[in-house]
1. Only one of the listed values, (1) 16.3; (2) 20.9; (3) 19.6, was derived from the coordinates as mean projected area of the Cα convex hull in nm²; which label is it?
2. For segment 221-293, run through the GluC sites (Glu not before Pro) and keep only the ones in DSSP coil with at most 16 other Cβ atoms within 10 Å of their Cβ.
3. So how much slack lies between R224 and L301, counting 0.36 nm per residue of separation and subtracting their Cα-Cα distance, in nm?
4. Say R0 is 35 Å: what FRET efficiency, to the nearest 0.05, do L379 and A11 get from their beta-carbon distance?
5. Around F122, which amide H atoms from residues at least 5 apart in sequence, or from another chain, sit under 5 Å from its own amide H, with H modelled in the peptide plane?
6. What is the distance in Å between the Cα centroid of segment 31-48 and that of segment 364-380?
7. Sort L110, L48 by accessible area with a 1.4 Å probe, largest first.
8. Taking all protein chains together and a probe of 1.4 Å, list R224, R250 from the most accessible to the least accessible.
Amino acid sequence: MPVIESEEHKALRAAVSALGNRYGRAYFTRTVEEGVPAAELWADAGKLGYLGVNLPEEYGGGGGGVAELSIVLEELGAAGCPLLLLVVSPAICGTVIARFGTEAQKREWLPGLADGTRTMAFGITEPDAGSNSHRITTTARRDPDTGDWLLTGRKVFVSCVDVADATLIVGRTETVSAEEGRTGNLKPCLFIVPRDTEGFHRRKIDMELSAAEKQFELTLDDVRLPAGALVGGGEDTGLLQLFAGLNPERIMTAAFAIGMGRYALAKAVEYARERTVWKAPIGAHQAIAHPLAQAHIELELARLMMQKAAHLYDAGDDVGAGEAANMAKYAAAEACVKAVDQAVHTLGGNGLTREFGLASLVTAARVSRIAPVSREMILNYVSHQTLGLPKSY
């Protein structure tokens with residue numbers, strides 16, 4: 001794993017930063033207040049090839065990997081305008097389809113995901129399953145007469161369903177035999193469900209989080225899908241597909257958090273340089289300077305782990321990437337929360353004003369600790385997968 005970024009990565013970082021700063025926090029805040037997606041920024045990022053930088057070249061992508069896509073999200077976040085849909089559409093859904101989709105699925109979806117003209121949401125969390133994906137009850141069964149799939153179940157906290165062209169739904173196939181009836185052998189599987197499919201209902205969840213991207217509860221009531229809606233066309237690779245999507249999700253969440261933390265820290269540093277209460281700027285006082293320096297160090301350390309996770313994933317080491325991706329997400333979330341908190345504290349009362357735009361990040365930073373997996377579940381993973389300690393559950 002290279003410790004120093006390549007010239008190509010440095011150039012990508014600079015170019016995306018320039019795009020993000022052309023729009024800036026004021027533009028992003030306006031989209032949040034109006035409750036609309038950052039469509040102009042998304043379109044420009046797509047035209048410049050940033051949205052599909054991780055997708056195969058033969059389908060319109062940049063031929064890179066999660067390492068490149070994480071740079072895109074981090075730099076947009078550092079400019080004050082992170083695009084949450086980057087975590088979902090090209091990172092999770094695009095990766096799963098690129099690795100496991102049929103040729104027809106790749107031709108249909110990847111070019112649009114790459115240039116941003118089409119988007120896809122991702123539905124895995126259920127009301128009664130939470131972090132325990134083994135308890136997912138969304139079930140798919142075959143119609144013996146037509147060969148279609150019938151999908152039934154519920155999902156919660158699914159982002160952007162209202163604007164996405166389709167949602168990649170994680171379910172389980174119901175295995176039935178003539179001799180035994182239902183075998184109870186439920187295999188994970190992923191289905192592409194177009195937004196306006198009959199029986200596919202959504203309800204917006206009222207969130208106090210300030211974000212243009214809305215959260216939804218989904219109800220699938222015997223949603224009828226053609227055989228080609230099953231990703232890959234077979235029923236034996238669903239578990240591999242799931243983990244192929246979850247590792248990039250954690251890496252990209254880390255990028256989201258690092259970018260947010262960098263933005264908050266930059267605002268605090270700028271303020272601490274200029275704000276003078278007695279004879280010197282407040283940044284000259286160690287009580288202000290040291291916590292900001294610590295926040296910078298922790299963000300840099302989190303980025304190193306994120307880069308390691310992305311490198312392992314792009315190299316095809318799914319097991320190694322799983323451990324590193326969890327650690328990166330944990331480290332980035334903790335660093336982000338501390339950076340945002342210290343930035344608000346540095347500005348004092350100004351940190352809670354709309355003029356400086358930091359207060360809204362307090363809630364957003366907390367999300368990085370909770371989603372897509374809580375820090376406690378990551379500690380569970382590291383304690384029994386890495387350290388070999390016994391499970392408590």
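The values are calculated or read from the model by the stated rules, or taken from the named source; none is laboratory data. Quick caveat: nothing in here was measured; it's all calculated off a predicted structure. Here the Cβ positions follow ideal geometry from the backbone for every residue, glycine too, while neighbour counts run over all protein chains shown. Accessible surface is based on the protein model in full, side chains and every heavy atom, while ligands, DNA and RNA are left aside. Shrake-Rupley method; radii C 1.70, N 1.55, O 1.52, S 1.80 Å.
1. Working out mean projected area of the Cα convex hull in nm² from the coordinates points to (2).
2. Values: sites: E235, E249, E270, E274; in loops: E235.
Sites meeting the loop and neighbour criteria: E235.
3. Numbers: separation 77, 0.36 × 77 = 27.72 nm, distance 4.70 nm.
Length difference between fully extended and current span is 23.0 nm.
4. 0.40
5. Under 5 Å from the amide H of F122 lie the amide H atoms of S159, L168, each far enough along the sequence or on another chain.
6. 26
7. Sorted descending by solvent-accessible area, the residues read L48, L110.
8. My answer, sorted largest first, is R224, R250.
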